[in-house]
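The values are calculated or read from the model by the stated rules, or taken from the named source; none is laboratory data. Note that this is a predicted model, so its numbers are computed, not measured. Here Cβ is always computed from backbone atoms with ideal geometry, including for glycine, and neighbour counts include all displayed protein chains.
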Amino acid sequence: MGCRRQLHNVLDLNRVASYKQVLVRTRRFVYGGCRLCPKAHGTPVRPTRNHQPFEYDHNRKGASLETMMRKSPIDSRDAGLRNERMVLALLKEHRELSQAQLCKLAGLSSSTASYIVGRLRQKGLIRERRGQSNRRGAKPVIVSIHPQGRYVIGVELSPSNVYIGLFDFNCDLVEDIRAPLDSEHGPDHVLSILEINLRGLLGKHKIDEDRLFGIGVTLSGSISRGGHVQLSSPLGWKDIPLRTMLAERFSAPVSVHTTRVRLLAELSLRPELASRNMLCLNVSNGVGVHMVVDGHLLHGTTDRSGELGHVVFDPDGPLCGCGHRGCLEAFISGPALTARIKNDLAQGRDSLLNNTVGPEDIPETVVGKWADAVAEKDAYALEVREILGDYVSRAAAIAINCYDPDVLILTGYVCHQCSDFLISEIEHRIPTDVYDSQERDIRILLAQSGEQALIRGVATAVLRQSVDLALA
């Protein structure tokens, strides 16, 4: 009856860009057998005067229309690219599969799967090997991602340095480099340093830019979905078209992300947390929370959810980079703690830090030296720790009341320097500051992703955008 061709003509699949658009256009179609012919077609058909299908019975056995549309290849000129991405996504999830397994998981015929595998082989994205079998005949062909088929660049921009990571197609780190920044944080200056070091890294490994799947950049601040930095307090940037500026320097696809991507790095190390209600509290150059609710990352209407660092704790407090006074970030971020310590030492406070902290030391260095002084039981360092613990525990209690997590993860270089103390302070704060605390069972953990969290997270985001999310 040509039902698939009818569906193609009616939906005009050449004009739709995503599964969701196909599904919306398909809702007026039904899935079932035809009154005029005995067979069940297995594809949606358009009702006509002489061709009326039965109404779909939602209680019948078999896949739903939504499942069928997700599992089946689309008959259109874009089907080849879509199916290639589907196969790559499956290989990334399972690491390696036989062609028969690919057919089953992707819902493809053997001939279609062979064609797609052949195209991916020509592009250098996969590799194949002969598997083992106890049966007679040809051995199965095992297909896997070719790690050197493509590469991804992950970049973290901070006031102290430009941190660049080169990752292979499996998102394994090949090499990372740090390029220090001076007091000049202008966008052109920072991007010039980024470009010089990135091209040097690619040249060292003899990788052409056309072999990059993409370049992902992350920084603390308010960033539009189009990669426009509306405000970055740590860098002092406001209204910067960062993605456009990057696209002028690189031919590879570029994208700009908030520090929310650190959660992707953490979930890659702890996949069991993906189905939990997880709250991540970050204290580093900025302060913020990121939340996964029922396995879904919260973004908010304008992609600004989790700006806990800009909750005003003291209207008469120090000026924050956002322009307000007394924000939490102005008290406990790495730069804020550094400014406090240097100012107190300049005012004559007695401390071991007088012998170690220099005027040119960056926040990461100062916070590390402060942690060493805490270990030496320095009175002033312990005083600063008490202040930090009070603010962090109050902030954590506020976030718990708002988001109701069952897992709280502490991350950022400030938290990592005194994690045991901060976890203890939060645990003591919960009974007094969290509503109905006796009904909650919250695990408090330290992040495992370490200093590579942001570059690994943004590299993962680039790969997911290019491959995994193509099926969404």
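Remarks
- Answer residue from segment 107-129, given it is small (G, A, S) and under 21 Å from F213 (Cβ atoms) and is modelled with the highest pLDDT among those: G118
- Cβ pairs under 7 Å, 6+ apart, first in segment 272-298 and farther than 29 Å from V312 by Cβ, second assigned to a loop (DSSP other than H, G, I, E, B): A274/G295; S275/G295; R276/D406; D294/N277
- Test result for D314, surrounded by fewer than 24 Cβ atoms within 10 Å (Cβ to Cβ) and over 17 Å from D390 (Cα atoms): no
- In segment 445-472, the residues that are at pLDDT 90 or above and of a type in the set (S, T, Y): T460
- Residue list for segment 265-296, filter: part of a loop (DSSP other than H, G, I, E, B) and of a type outside the set (S, T, N, Q): R270, R276, G286, D294, G295
- Checked against the criterion of being within 24 Å of the chain's Cα centre (by Cα), surrounded by fewer than 16 Cβ atoms within 10 Å (Cβ to Cβ) and in a helix (DSSP H, G or I), the candidates C402, C415 yield just one match: C402.
- Test: residue in segment 377-389 that is within 30 Å of D172 (Cα to Cα) and in contact (Cβ under 8 Å) with a residue 12 or more places away in the chain: no
- Taking segment 78-122 as the range and being closer than 19 Å to Y151 by Cα and more than 26 Å from the chain's Cα centre (by Cα) as the test, the residues that pass are R119, R121, Q122.
- Unique match (being charged (D, E, K, R) and buried (at least 21 other Cβ atoms within 10 Å of the Cβ)) among E156, E128: E156
- Every pair of residues 6+ apart whose Cβ atoms lie under 8 Å, when the first sits in segment 174-198 and is assigned by TED's automatic domain parsing to the domain that holds E248 while the second is acidic (D, E): V174/D168
- Every pair of residues 6+ apart whose Cβ atoms lie under 7 Å, when the first sits in segment 352-376 and is on the phi > 0 side of the Ramachandran plot and crowded, with 20+ Cβ neighbours inside 10 Å while the second is modelled with pLDDT of 95 or more and assigned to a loop (DSSP other than H, G, I, E, B): none
- Test: V462 is among the β-branched types (V, I, T), outside the structural domain of T338 (by TED's automatic domain parsing) and either touching a residue at least 40 places away in the same chain (Cβ under 8 Å) or crowded, with 22+ Cβ neighbours inside 10 Å (or both): yes
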